[in-house]
Amino acid sequence: MPRRSRVLLFVATASLCVGCDQVTKELAREALAGLGRVPLAYDLVHLELTRNTGGFLSLGAQLPGALRGVFFLLLAPLLLLAACLALFRAGSLGRVQILALGLFVGGGAANWLDRLFHDGAVTDFVSMGIGRLHTGVFNVADVAIMAGVGLFAFTGWGWTNPRGQAVHADSGSQRESLDS
């Protein structure tokens, strides 16, 4: 896949993630303010406006404010930048891996923007559950991040070399396939 096409797919995916996430968060802040928990789909899905100062499943929410700010407002964007650099360094990523990277970076950037403009907190508003078994409260960016990670896991963290041959991180045949 040509570099220009890879970049276009990555930018389009990441931009769509950021846009969809920011629109849904704004709608949630407006529509769910003061409502509490709103059950949907026979109580399998719940809408509930929350502010998450931590990360995934509120990890890090108990850290002191300054440390939390350094981690989520400074280190998180550096991780996203590293993911973007991976796109340009790995010239042989396939479409699925580029899509996965776009989902991961787009979701991460959307949550970072939310923190930047909402006093260090991310707006979460959806949870699911059956009986006593429930997910944490999440948002569209969280779904994008998990989908990106899932796509990478599904494809075996592999990529294709310039000849279109599969190369995996755990494969000892990478050098052989490139030299043959």
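With respect to the stated conditions, Leu49 is of a type outside the set (S, T, N, Q), touching a residue at least 24 places away in the same chain (Cβ under 8 Å) and touching a helix residue (DSSP H, G or I) at 6+ places or on another chain (Cβ under 8 Å). Being touching a Ser or Thr at 6+ places or on another chain (Cβ under 9 Å), in contact (Cβ under 8 Å) with a residue 24 or more places away in the chain and buried (at least 19 other Cβ atoms within 10 Å of the Cβ) is the requirement here; does Gly106 meet it? Spelling it out, Gly106 is indeed touching a Ser or Thr at 6+ places or on another chain (Cβ under 9 Å), in contact (Cβ under 8 Å) with a residue 24 or more places away in the chain and buried (at least 19 other Cβ atoms within 10 Å of the Cβ). Of the listed requirements (1) touching a residue at least 40 places away in the same chain (Cβ under 8 Å); (2) in contact with a helix residue (DSSP H, G or I) (Cβ under 7 Å, 6 or more places away or on another chain), Leu80 misses just one: (1).
The residue pairs whose first member lies in the stretch 16-36 and is closer than 15 Å to Val126 by Cβ, whose second member is assigned to a helix (DSSP H, G or I), and whose beta carbons are closer than 6 Å, counting only pairs six or more residues apart or on different chains, are Cys20/Val140; Asp21/Ala110; Asp21/Val140; Asp21/Ala141; Thr24/Val140.
Selection of the stretch 109-154 for residues being in a helix (DSSP H, G or I), among the charged types (D, E, K, R) and either over 27 Å from Ala41 (Cβ atoms) or touching a Pro at 6+ places or on another chain (Cβ under 9 Å) (or both) yields only Arg115. Restricting attention to the stretch 32-53, does a residue exist that is surrounded by 15 or more Cβ atoms within 10 Å (Cβ to Cβ) and assigned to a helix (DSSP H, G or I)? The answer is yes; a qualifying residue exists.
Computed from the coordinates by the stated procedures, all read-outs in this text should not be read as laboratory data. On a predicted model such as this, the values are computed, not experimentally measured, just so you know. As a convention, Cβ positions derive from the backbone with ideal geometry for all residues, glycine included, and neighbour counts pool all protein chains shown.
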